1. Report the residue count in the stretch 300-314 for those that are in a helix (DSSP H, G or I) and open to solvent by 10 Å² or more (accessible area, probe 1.4 Å).
2. Identify the single condition in (1) buried (at least 18 other Cβ atoms within 10 Å of the Cβ); (2) out of contact with any His (no Cβ under 9 Å at 6 or more places or on another chain) that Ser165 does not satisfy, given that it satisfies every other one.
3. Can you find, within the stretch 191-210, the residue that is most open to solvent (accessible area, probe 1.4 Å) among those that are in contact with a Phe, Trp or Tyr (Cβ under 8 Å, 6 or more places away or on another chain) and among the hydrophobic types (A, V, I, L, M, F, W, C)?
4. Pick from the stretch 101-144 the residues that are of a type in the set (D, E, K, R) and surrounded by fewer than 20 Cβ atoms within 10 Å (Cβ to Cβ): which of them is nearest to Met290 (Cα to Cα)?
5. What number of residues within the stretch 211-230 satisfy the criterion of being open to solvent by less than 50 Å² (accessible area, probe 1.4 Å) and either touching a helix residue (DSSP H, G or I) at 6+ places or on another chain (Cβ under 6 Å) or closer than 30 Å to Arg162 by Cα (or both)?
Amino acid sequence: MTADSTPALVKQADADTDGPAPAAPPAARGPRARNTKAYLKYVAAKIFGAAVSLFAVLVTSFFLFRLIPSDPVKQMTGGRPVSAEQLESLRRQFGLDQPMWQQFTSYVGDALTGDFGTSFQFHAPVMDKITEALPATLLLTGTAYVLYSALGIWLGTRTAWRNGSKSDRFNTALALTLYSVPSFWLGLLLIIVFSVGVGPIPGMFPTGGLESGNESGFAYVLDVAHHMVLPVITLVAVGYAQTLLVMRSSLLDEMGSDYLTTARAKGLRDDTVRRRHAVPNAMLPTFTLMFVNLGQVVAGQILVETVFSWPGLGGLFYQGLSVPDLPLVQGLFFVFATAVILANTLADLLYPLLDPRVGR
């Protein structure tokens, strides 16, 4: 018998039970969707703020250095007797005879394409001079940045966790002292003591420069490292002190929190409570400081590089100010400010990874 013998009532019941086919899942809604939308608005606002800041820096870099009471054309002649016709020819050559508004529009248009003009004193494109000096600055300030960030976070954590101990009082007092000392003064002091020599202390390190000029291969690497010792110590001494104080203050604010008491009540060791709970929550202010300092790695340390005759961007900026070499100082100022603005913007965009409350 081939006909279907299933009762009709059973078929009808099965059909009613199965119901219609399930619909496609709805689009993402609720807190997660709202958080994503809020974060995108947060990112857009930060990027827009960075763009406005960069344009403000572009305007400032043009007008600021024109307030210097000096004639760059006369400075370029080195005090030699020059006729009025020759001075006028130089002004036309560098575009200094144009109205201020025309100079400004030309500067903005060229700067947006990465062209900052030709240096008055070096007679070379400004970007070429910046590219040439950038590696020396990154080598010096980058090395110091890694050292003082790691040292400051480590010591700041230990001093705060042992608040009131002898090591805490000693490290805090030393950090406050070093943070208050001008970096150029500390650099000069180190040169006097360890380069020139004082009393029984002989001169052990060069007074300045990047290299001796007569080494090659691995001997060249050692020579550069030898020249870096004093400027790196100068930068680390000031930078670690600032990082230590910020990290210590942030961790002290967290130490009285209830979640740390709960973690201890669960039987976690004190070291585990510090490393896994207290330090990550106290890192946000130090994280901000680290990104500000990261921008200054590109900007360099003008006074320290000048004191140690380091051939980086800071020393180049000082040379440009002495003329004044307007295209050079304008280009360097814009590069310095851009590095700091981009570092701060990157920190703002990464904040939600450390604190989910940011960007909501």
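The values are calculated or read from the model by the stated rules, or taken from the named source; none is laboratory data. Predicted, not measured: the structure shown is a model, and the values here were computed from it. Here the Cβ positions follow ideal geometry from the backbone for every residue, glycine too, while neighbour counts run over all protein chains shown. Protein only, heavy atoms only, side chains kept; ligands, DNA and RNA dropped before computing areas. Shrake-Rupley method; radii C 1.70, N 1.55, O 1.52, S 1.80 Å.
1. Of all residues in the stretch 300-314, those in a helix (DSSP H, G or I) come to 302-307, 313-314.
Right, trim to open to solvent by 10 Å² or more (accessible area, probe 1.4 Å) and you get 302-303, 306-307.
Of the residues in that region, 4 qualify.
2. If we test Ser165 against (1) buried (at least 18 other Cβ atoms within 10 Å of the Cβ); (2) out of contact with any His (no Cβ under 9 Å at 6 or more places or on another chain), just (1) comes out false.
3. Met204
4. Let us first name the residues in the stretch 101-144 that are of a type in the set (D, E, K, R), namely 110, 115, 128-129, 132.
After this cut, where a residue has to be surrounded by fewer than 20 Cβ atoms within 10 Å (Cβ to Cβ) as well, the list is 110, 115, 128, 132.
Values: Asp110: 32, Asp115: 30, Asp128: 29, Glu132: 26 Å.
Out of the qualifying residues, it is Glu132.
5. 1
Matching residues to (1) closer than 12 Å to Thr243 by Cβ; (2) at pLDDT below 90:
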residue: Glu132; (1), (2): no, no
residue: Pro135; (1), (2): no, no
residue: Tyr145; (1), (2): yes, no
residue: Leu155; (1), (2): yes, no
residue: Arg162; (1), (2): no, yes
residue: Ser165; (1), (2): no, yes
residue: Arg169; (1), (2): no, no
residue: Ala173; (1), (2): no, no
